[in-house]
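S.K.: First the structure, then my questions, so here it is.
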Amino acid sequence: MSINQLSNQLFNNVYPELKRIASAQLSRERANHTLCPTELVNETYLKLEKNSAFSFNNKQHFIALCGRNIRQVLVDHARKKKRVKRGSGQQAITLKNHMGQVEANVEHDVLELNELLNNLESIDPIQASIVELRFFSGLTVEEVADELDISVSSVKRKWTLGRAWLYREMKS
C-alpha cells in the first residue's frame, strides 16, 4: 500500500475526529467566519497531500500533523482576509477552554496567536510544540507526551508555562 493510499485510508478513519477539532477551532473564531469545519478539514488534507515529504508514524502523529496544518489553514485564511484588497477584517480566536482560570473570554486575532507561537518557538521549541499540539490538534497531555517522547509531568509543566507566557504576551 502506498503512502497516499495509507494516508487516504487513515484520513477517512479519523475524519470525524478531525471535524470535531476543526469545529472546536472555528468556535473560537469570530461568529461570521467564512470557513466551515468541513472546508477546514478538506483544506487541511489538501495541504498535507501537496507536501511530498509528508510522512507519519501512527494515528496520533497523523492527527498532530493535521492540527499543525489546521493552524496554517486558519493563518493563511486570516492573512487573505486581512489584505487591503479584501478589506482588512480581523479574525479573533479565543483561548476559552485552554487558558484555564485566567480571563477565559479574551479573544485574539489568529495572526497574533500565530506570531506569538512563532516567538515562543524561538524561546522554547518544545513548549511551543506542546501548546500547538494541545490547542490546534486537541491532543491530551498523555498523547502529547507520547508524540514528543517526553514525560507527562514535563508536558504539564511546559503546558502551564506556555499558557502563562501566551496570556502575558497577549495582555501587553
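S.K.: Regarding residue 109, is this residue modelled with pLDDT of 85 or more and either surrounded by 12 or more Cβ atoms within 10 Å (Cβ to Cβ) or over 12 Å from the mean Cα position of the chain (by Cα) (or both)?
M.R.: On the way: modelled with pLDDT of 85 or more: no; either surrounded by 12 or more Cβ atoms within 10 Å (Cβ to Cβ) or over 12 Å from the mean Cα position of the chain (by Cα) (or both): yes.
Against the criterion (modelled with pLDDT of 85 or more and either surrounded by 12 or more Cβ atoms within 10 Å (Cβ to Cβ) or over 12 Å from the mean Cα position of the chain (by Cα) (or both)), residue 109 does not qualify.
S.K.: I've got another one for you. For the list (1) in a helix (DSSP H, G or I); (2) surrounded by fewer than 14 Cβ atoms within 10 Å (Cβ to Cβ); (3) at pLDDT 80 or above, I need the number of the one condition that residue 85 fails.
M.R.: Against the list (1) in a helix (DSSP H, G or I); (2) surrounded by fewer than 14 Cβ atoms within 10 Å (Cβ to Cβ); (3) at pLDDT 80 or above, residue 85 comes up short only on (3).
S.K.: Quick check on the range 148-162. Is at least one of its residues modelled with pLDDT of 90 or more, under 22 Å from residue 27 (Cα atoms) and crowded, with 16+ Cβ neighbours inside 10 Å?
M.R.: yes
S.K.: Return the pair list, or none, for Cβ contacts closer than 7 Å from residues in the range 36-65 that are part of a loop (DSSP other than H, G, I, E, B) to residues that are of a type in the set (Val, Ile, Thr), at least 6 apart or on different chains.
M.R.: 55/3
The values are calculated or read from the model by the stated rules, or taken from the named source; none is laboratory data. Note that this is a predicted model, so its numbers are computed, not measured. Neighbour counts are summed over all protein chains in view; Cβ atoms, including those assigned to glycine, are modelled from backbone coordinates with ideal geometry.
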